[in-house]
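This report refers to the structure that appears directly beneath it.
Just so you know, all these numbers are worked out from the coordinates, no wet-lab data involved. Quick caveat: nothing in here was measured; it's all calculated off a predicted structure. Cβ: placed from backbone, ideal geometry, glycine included. Neighbour counts: every protein chain shown.
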Amino acid sequence: MLVTPGPIIWGSIALSNYARSDSARPPANNEVIPAQTNPQREPNVQFVAVADTVDETLAAACLARAAELRPALGEKCEILVAAPFVIGGDLSLAELTTWHRQTIAPAAAAMANRYFEKQPDRPITVLLFSTKESYEYYANHLYRDRGISIYGYYKPRERTLVMNISTGGGTLVHELTHALVAFDCPDVPDWFNEGLASLHEQCRFREDQRGPWIEGLVNWRLARLQQEFAAKRVPALVDFLQDDNFRGEREAVNYGQARYFCLFMQRRGVLEKYYSALRQNIDEDPRGLKAVAAVFPDRTWAELDAEFRQFVADLQASE
Ligand SMILES: [Zn+2]
């Protein structure tokens, strides 16, 4: 049975005890650029549904997750349920709604439109905290997590994003990408998972005749990658894709190489086709090399490598 996804507000009534921080504010440093024209984004539309209908079981699971979070988050936090998302944090309901409407829902809709065959069938929790201090407090209070990224992180087992939203929305879309890819292609190799997620750190929501999509933009990771290329310290693509040690000592550069190879594929018009080929043959091609060969049938690996290096060299930080 299907039900129409009505956003269910699970707010805290006892707000009078809550000395809300003035720093809780709408996104000021949001790297995600909203679409210029989006018929779904009328000023009076409060919620953007990710899908036309939501499974009743999923809606019930989201409510159960919200009920579980309610005492854990405490009265200083609000919770908004908009299946498959359970969005909570020390922001006002209006601010949580804005993050859902302007960032979470359009990003999920765009990825569903262009990449995914399987949609989330279990809740994804998105925790948004207004300051570095409250983010660190709740990460420790809820999960005993310490020494965390200043931006935010994703907890795969809990399907939960924990975000310091004062740093902007780019990392939110990055971690959201991981949460959604996990439903559609759980065995995705690290390089592509991080490449696609990082591509979305700096992005623009677009819409064309095929519906919404996310355009990756140049970001801060470019300068380091260009330096590494100039110093001849970047491995050939075929070696990079084969190497299973993404999180090793070269992790920072690996993120850049993965991100800009995804941008390269997007600019060449083959990123969606690549994702599809990767998912389809993930068992036989777990690193996604054959999928690269399939979307660039006219290039040898050496030619592709040279073209990619030139692409990176030609990118401008201001693009
Ligand atoms: Zn990531």
Rounded FRET efficiency, nearest 0.05, which uses the C-beta distance separating GLU56 from ALA302 and R0 of 41 Å: 0.15
Sorted by Cβ neighbour density within 10 Å, fewest at the top, the residues GLU175, GLU95, GLU319, GLU215: GLU319, GLU215, GLU95, GLU175
Packing-based exposure ordering (other Cβ within 10 Å, fewest first) of THR167, THR177: THR167, THR177
Approximate spin-label separation ALA67-LEU289, in nm, with each point projected 7 Å along Cα-to-Cβ: 5.1 nm
Of the GluC sites (Glu not before Pro) in the range 108-144, those whose Cβ has at most 13 other Cβ within 10 Å and which sit in DSSP loop: GLU117
Dmax and Rg, reported as Rg then Dmax, of the range 111-240 (C-alpha, Å): 16.4, 46
Order of ILE87, ILE282 - criterion: other Cβ atoms within 10 Å of each residue's Cβ, fewest first: ILE282, ILE87
